[in-house]
1. Residues that are at pLDDT 90 or above and out of contact with any helix residue (DSSP H, G or I) (no Cβ under 6 Å at 6 or more places or on another chain), at least 1 per element: which helices (runs of 4 or more DSSP H) completely within segment 1-120 meet that?
2. If residue 206 satisfies every condition in (1) surrounded by fewer than 19 Cβ atoms within 10 Å (Cβ to Cβ); (2) not in a loop (DSSP other than H, G, I, E, B) but one, which is the exception?
3. On the given criteria, is residue 197 in a helix (DSSP H, G or I), surrounded by fewer than 23 Cβ atoms within 10 Å (Cβ to Cβ) and out of contact with any strand residue (DSSP E or B) (no Cβ under 8 Å at 6 or more places or on another chain)?
4. Is it the case that segment 141-162 has a residue that's without any contact (Cβ under 8 Å) to a residue 60 or more places away in the chain, in a helix (DSSP H, G or I), under 17 Å from residue 25 (Cβ atoms) and touching a helix residue (DSSP H, G or I) at 6+ places or on another chain (Cβ under 7 Å)?
5. Return the residues of segment 115-124 that are closer than 14 Å to residue 10 by Cβ and under 11 Å from the mean Cα position of the chain (by Cα); say none if nothing qualifies.
6. Could you say which residue among 249, 234, 241 is part of a helix (DSSP H, G or I), within 23 Å of residue 118 (Cα to Cα), under 19 Å from the mean Cα position of the chain (by Cα) and in contact (Cβ under 8 Å) with a residue 60 or more places away in the chain?
7. Just to be sure I understand, how many residues within segment 1-29 are free of Cβ contacts under 8 Å to residues at least 24 places away in the same chain and within 30 Å of residue 142 (Cα to Cα)?
8. Would you check if residue 112 is surrounded by 15 or more Cβ atoms within 10 Å (Cβ to Cβ) and over 21 Å from the mean Cα position of the chain (by Cα)?
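The values are calculated or read from the model by the stated rules, or taken from the named source; none is laboratory data. Keep in mind that what you see is a predicted model, and the values were worked out from it rather than measured. Neighbour counts run over all protein chains shown; Cβ positions are idealised from the backbone, glycine included.
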């Protein structure tokens, strides 16, 4: 356990040296808070652009608090996911390519500890950034439109967080057998896009798909109730995360020993 804590501290320090503890949370805050502010000031923005007939009055329907918060979540589902992939795509592959991983594993360091320390540090960074961005978005939605119950905020936060956890785990898995960080990022994005498109297009057949967690979260935010398909989707997500982590450790060990 002491060895694993040392590995985790090393990963946390590496994130700090790259200033990721600063710019990643700030990026998540910017992409989420931008949505409620844009929706609130949209009439003024359109009016400031000009080109409208004299005396024209801009009347846009005022979105509900749930719609505004769902818009913020959609930004996490696009830009936020892209940021996660970019951060995690070289977490193991770059160290394998440079030989740093081999130097670390020469010492009595377990392969499971090496992989799980990487995964845990990324989880802490992403969940912190996700919480700060989503919480401030919830706050501004409440100030500008209407407050969503805090219990709804927490439930939606944890449900959608499962999808982000799965994304991190998939990128870690690809890191263990692909040595190029660029290839890891490209394939990760491809997998996420394909799974999301298939899940949304065939939602009546793939109700259990983890990619639908974002849609189920939006339904809850705007309607106050989770659909019945949520539980199977969570179960499949958790099983996939566990199997992916086990596969990551096994593949990484076999590759390094080879």
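1. The qualifying helices (runs of 4 or more DSSP H) are 2-17, 20-40, 65-75, 81-88.
2. Here residue 206 clears every test but (2).
3. Against the criterion (in a helix (DSSP H, G or I), surrounded by fewer than 23 Cβ atoms within 10 Å (Cβ to Cβ) and out of contact with any strand residue (DSSP E or B) (no Cβ under 8 Å at 6 or more places or on another chain)), residue 197 qualifies.
4. Looking for residues that are without any contact (Cβ under 8 Å) to a residue 60 or more places away in the chain, in a helix (DSSP H, G or I), under 17 Å from residue 25 (Cβ atoms) and touching a helix residue (DSSP H, G or I) at 6+ places or on another chain (Cβ under 7 Å), one finds at least one in segment 141-162, hence yes.
5. Listed by number, the list holds a single entry, 122.
6. Just a single option satisfies the conditions, and that option is 241.
7. Within segment 1-29, residues that are free of Cβ contacts under 8 Å to residues at least 24 places away in the same chain and within 30 Å of residue 142 (Cα to Cα) number 3.
8. Yes; evaluated as a whole, the condition is true for this residue.
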